[in-house]
Amino acid sequence: MTSATLRSRAWKLLEMVTTPLLPSDYLDLVSPLRAGADLRGRIEAVHPETGDAATVVIRPGRGWRGHTAGQYVRVGVDVDGVRLWRAYSITSPTNRQDGRVTITVKAIPDGKVSNHLVRRVKPGMLIQLDQATGDFVLPQAKPAKVLYLTAGSGITPVMGMLRDIEFDDVVMVHCAPQPQDVIFRSELHDLVAAEKLRLTEVHTATDGMLDIARLDELVPDWAERETWACGPAGLLDAAEKHWSEHGVQERLHTERFRPSIVVAGDGGEVTFSATGKTVDADGATPLLDVGEEAGVLMPSGCRMGICFGCITPLKAGAVRDLRTGEITEAEPGVLIQTCVSAAAGPCDIER
Amino acid sequence: MTAIDPTDHLTAEQIEELGRELDAIRDEVIADRGEKDAAYIRKVISAQRKLELVSRGVLLFSIFPPAWLLGTAGLSVAKIMDNMEIGHNILHGQWDWMRDPKIHSTTWEWDHVSPAEQWKHSHNELHHTYTNVIGKDNDLGYGIMRVDEDQKWHPFHLGQPLWNFINACFFEYGIAAYDLELGKNLNKRRRKNPEFRARAKAVGRKIRKQVLKDYVIHPLLSGPSFLPTLAATFTANLVRNIWSHSVIMCGHFPEGVQVFERRSIKGETRGQWYLRQMMGSANISGNRAVHFMTGNLSHQIEHHLFPDLPSNRYAEVAVKVRALFEKYELEYVTGPLPKQVFSAWRKVFRLSLPNKKPEVRTPDREQELVAA
Ligand code: FES
């Protein structure tokens, strides 16, 4: 018997010992970050960066496979007891000695998770992690000249790159409302002082939004530079247009943060993605009825919100609880009771 | 309905108003549900797991009587916690709002021979929707007993105190059989139904795993303590079964609880549904330990009104619910555990015999009797 089969037999036996739970349910009590556990991280410190941004130092579990500079990680954080998932760029270099990673979070107004991370989390708390992902990364071959074009918290993935690899010729154009809003400002200025970076700060509160045509004046050789751009959609759209107008679009790499903007309305187009049906629904008819009407096989039970026999994944959009009026937005892993939920705008139900 | 309908004095508008007031109580808890509640269930789960681990550890040495006693007591409590405060409530979806896949009604499995999936159907859906409706709610006597005058008497019922006792001792098996609707499904034609067979198989698998764990693996691990460990797990299961059976009997069987006819729920409004839950359930009074060990089913009335509110909130909800009972002049059936258990058992004995000659009858019932 190979050691692998031996191990799997031993595990089977262990499962018989712990049934109906799994051995991991017990192991999680003592060692939630061990190898083989669901990937989690422990928050070890929170360092404020600006008035509304902070860097969170995380010790990832043993299953963490590392990251490439520029990538992001999805974190699951319990806010008011509810687990919410968000993606944040990793701002630590890949070769950090202590194996910790950092994410830098800017609290956005009404942002449940960002405000929680910036203002409320305490060292010692556990969070859920996914592996790092994203292709907003540097190429294998070192480009001779680099431009980083960033705005607001768009600086975070770029900071991960800046800290990771030094280039001979790097220019950065960064937009923020005021000097004190520039995340990592002192570190950036240190790099400038050490002549490792040329930096232009655009303070939009006084200078106005960056007009992409001004690049010619700020960075005359921008078209020759391998460029990584990250920031609000407006900036990225303008950049993409600008680069392709000059026929150099292959030099531009962009990363869009997609804060899922769901406009909760009253009724909307409901897609039953597993069946491939789409129907219009009003804001008062339970989705269970909408689905059945459309000939979709919907699980159901009491039809009055008490048995949880109708719960179904909400893949996209938003729904309204007909009893409380509460809005639930789609997120991975979100399940809704179709018998007491109605469409609040277009939505996608996995049935 | 019993001869005198205790809700007769309420107008239709009052009943709807009552429904709105109950909805408001529910909304208040939901708006305030959060971190503390999540921390509560996490703490209970972790305590239960630790207690079970330690108890099973102690039982490895159960050849020594004090270890046997200690381990058996601990395991009994752990098993009760698993079924009552944790399993029952999670499977109701009480903690689904946390969006933690590990503490979720769709993924939870409990230390019980009835698979969670089947139990959710028969309990959450059938029992909670049709609470105390004769012929619809099988919990009403579990199909083996007569617990209301309005249920038809059959000579089979003469033995019901015995059936009930046996059911109490092997309650989890009773529940599994009941979830499978064995009585109904065992006839020749239904037995072959593939859907029933699949469900029966699932129960078989679950029983095998549970039995293997409790009566083979753990005793074997105990080596020289094989037999004492076996006896300990048997005892713990027995204690858990009798305990949960008693608690559950107190929920709907004590004197003063109403049952309803099938036709009374036709076109039922939300207010009427609430009212039926109020009149069809009974509480157990006691201290916090009692509430905890019953999985807060001591607040059966509140649980039936709001089956998906987190169990740790029933105590505070109960104060407001009780005030509504008073306001609407309804009887809030409650009492200490021994009294309620006694009351339920007395009913089981009494109704094992046919009804005495009728005293006051509503015309409605007369007709029913004639029809029967
Ligand atoms: S069908 Fe029972 S909760 Fe939706």
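FYI, it's all coordinate maths here, none of it is from the lab. Computed from a predicted model, the values in this text were never measured in an experiment. Positions of Cβ are generated from backbone atoms using ideal geometry, with glycine treated the same way; all protein chains shown enter the neighbour counts.
In table form, for the structure just shown:
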{"item": "Under Karplus coefficients 6.51, -1.76 and 1.60, residue-wise ³J(HN,Hα) of segment B:145-159 in Hz, glycine/proline x", "result": "9, 10, 10, 8, 3, 6, 7, 5, 8, 9, x, 3, 5, 4, x"}
{"item": "23 Å Cα-Cα threshold exceeded, pairs from B:K79/B:K320; A:K122/B:K43; B:K79/B:K209", "result": "B:K79/B:K320"}
{"item": "Built amide H within the under 5 Å cut-off of A:K145, gap 5+", "result": "A:E226"}
{"item": "Span-rule helices in chain B, defined as complete DSSP H runs reaching 30 Å or more along the axis (Cα) with Kyte mean at least 0.0", "result": "B:226-252"}
{"item": "Packing rank of A:297-310, A:21-34, where each peptide gets the mean count of other beta carbons within 10 Å, highest leading", "result": "A:297-310, A:21-34"}
{"item": "Sequence-separation-based contact order of segment A:231-351, relative, with Cα cut under 8 Å and 6+ spacing, percent", "result": "29"}
{"item": "Percentage relative contact order, segment A:146-256, counting C-alpha pairs under 8 Å, at least six apart", "result": "31"}
{"item": "Per-bin percent of Cα-Cα distances, segment A:146-256 [10 Å]", "result": "14, 52, 31, 3"}
{"item": "Simple label model, 7 Å out from Cα along Cβ direction - B:F226 to B:T106, nm", "result": "4.5"}
{"item": "Label-to-label distance, nm, for residues given as B:L238 and A:V30 (7 Å Cα→Cβ offset)", "result": "3.3"}
{"item": "Within segment B:191-264, trypsin sites (Lys or Arg not before Pro) in DSSP loop having at most 10 other beta-carbon neighbours inside 10 Å", "result": "B:K192"}
{"item": "Peptide A:299-311 - average C-beta neighbours from other chains (10 Å radius)", "result": "6"}
{"item": "Principal axis dimensions, largest first and in whole angstrom, of segment A:268-349 by Cα", "result": "28, 24, 23"}
{"item": "Computed Kirkwood radius, in angstrom, where 1/r is averaged over Cα pairs of chain B", "result": "22.0"}
{"item": "Local net charge near B:Q94, Cβ-Cβ under 14 Å (Lys/Arg +1, Asp/Glu -1)", "result": "0"}
{"item": "Under the span-like rule (Cα at least 24 Å along the axis, Kyte-Doolittle mean at least 1.0), DSSP H helices of chain A", "result": "none"}
{"item": "Aspartates and glutamates with Cα under 15 Å of B:K206, excluding same-chain neighbours fewer than 8 positions away", "result": "A:E15, B:E109, B:D111, B:E117, B:E172, B:D179, B:D214"}
{"item": "Rel. contact order, % - alpha carbon contacts under 8 angstrom, at least six apart, segment A:35-133", "result": "39"}
{"item": "Shielding of A:80-86 by partner chains, average beta-carbon count, 10 Å", "result": "6"}
{"item": "Partner chain coverage, peptide B:103-109 - average Cβ within 10 angstrom", "result": "3"}
